[in-house]
1. Got a number for residues in the range 121-137 being under 20 Å from the mean Cα position of the chain (by Cα) and open to solvent by 50 Å² or more (accessible area, probe 1.4 Å)?
2. LEU152 versus (1) part of a loop (DSSP other than H, G, I, E, B); (2) of a type outside the set (Gly, Ala, Ser); (3) modelled with pLDDT under 95; (4) open to solvent by 40 Å² or more (accessible area, probe 1.4 Å): which is the lone unmet condition?
3. Can you name every one of the helices (runs of 4 or more DSSP H) wholly within the range 23-142 that holds 3 or more residues which are over 18 Å from ILE4 (Cα atoms)?
4. Going by what's in this entry, would ARG25 be described as away from ligand 3 (no atom under 16 Å from the Cβ), open to solvent by 50 Å² or more (accessible area, probe 1.4 Å) and touching a Pro at 6+ places or on another chain (Cβ under 9 Å)?
5. Which helices (runs of 4 or more DSSP H) does the range 160-224 wholly contain that include 1 or more residues that are in contact (Cβ under 8 Å) with a residue 40 or more places away in the chain, open to solvent by 80 Å² or more (accessible area, probe 1.4 Å) and within 20 Å of MET14 (Cα to Cα)?
6. Scan the range 68-101 for residues that are open to solvent by 20 Å² or more (accessible area, probe 1.4 Å) and under 24 Å from GLU218 (Cα atoms) and report the count.
7. Determine, yes or no, whether LYS41 is touching an Asp or Glu at 6+ places or on another chain (Cβ under 9 Å) and in contact (Cβ under 8 Å) with a residue 12 or more places away in the chain.
Amino acid sequence: MIRIFCFSGTGHSMAVAKFFSESLRTEITDISQETTIPCTKSEISIIVFPVYCGNIPKIVKSVLPKINSKYFVLIATYGRISTGNVLWESARLVKGKVIAAEYVPTGHTYLEEPAEFDDEILKPVLKMIKQPKEIVVKKEIKGILPFIFPNLRSRLGVKINRTSDCNKCALCERSCPMQAISGDKISKRCIRCLRCVKSCPRNALKVTYNPLLKKYIEKYISQK
Ligand SMILES: Cc1cc2nc3c(=O)[nH]c(=O)nc-3n(C[C@H](O)[C@H](O)[C@H](O)COP(=O)(O)O)c2cc1C
Ligand code: SF4
Ligand code: SF4
């Protein structure tokens, strides 16, 4: 049996998970604080998640060791800036053999780019799934930045404010993978994934970016 697990803030990783879902005719399990990880063992588990500040998102880090599977396929989407050493780190967390590991460049969450990617990158992965064979995931140079208070940097760089258009439907609260919203408050658990912003039917959550962060992202991407 093949299972697909995905954590996605604004849909980029979900678009990649859907590629696998359609190619392999398998449903996707959404990763959040409330996800129940099946205890039965699967043959292959495909895990799709974004790179956050050069790291594995907290929520994914806590789920990876709980997934019961013989083989693993690890897919990390990233906004064309840096990947850290996320695939190697996630390969060390899973309890099973890694048969494929790939970074997929996508749009960047904070540039509000569409959830598009080049699926050519994933075609060899589909072949590897058909004939599972353990691979060695290469260790990469991570740099210093991912170690410097990544979550705090995101919270300082990105602010989310509720406007008077809010009708208190609580949809954002229910969609938050970190259970970080309670009434009008967003707690420190927030990882700035912006899923709440995307899920609000009234567009009542407004995001403001620290100009330095926005400039850094735009400059970095335009140089590539
Ligand atoms: C909190 C946060 C941190 C991010 N850090 C990085 C990063 O270190 N390097 C990078 O290239 N992109 C980074 N991005 C961009 C995302 O990795 C990229 O847009 C990803 O495809 C988002 O997937 P999602 O929409 O499924 O959450 C970051 C995005 C967020 C929200
Ligand atoms: S989803 Fe939007 S309208 Fe509903 S409570 Fe959240 S901010 Fe308010
Ligand atoms: S409150 Fe934070 S963690 Fe929760 S959905 Fe919104 S941005 Fe993501």
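The values are calculated or read from the model by the stated rules, or taken from the named source; none is laboratory data. Being a predicted model, the structure only gives us computed values, none of them experimental. Note: ideal-geometry Cβ built from the backbone for every residue, glycine included; neighbour counts use all protein chains shown. Heavy atoms of the whole protein, side chains included, go into the accessibility calculation; ligands, DNA and RNA do not. Shrake-Rupley method; radii C 1.70, N 1.55, O 1.52, S 1.80 Å.
1. Residues that pass the stated criteria total 0.
2. LEU152 satisfies every listed condition except (1).
3. Hits in the range 23-142: 86-93.
4. Against the criterion (away from ligand 3 (no atom under 16 Å from the Cβ), open to solvent by 50 Å² or more (accessible area, probe 1.4 Å) and touching a Pro at 6+ places or on another chain (Cβ under 9 Å)), ARG25 does not qualify.
5. Answer list for the range 160-224: 195-199.
6. Final tally of qualifying residues: 5.
7. Considered against the rule, which asks whether it is touching an Asp or Glu at 6+ places or on another chain (Cβ under 9 Å) and in contact (Cβ under 8 Å) with a residue 12 or more places away in the chain, LYS41 comes out as no.
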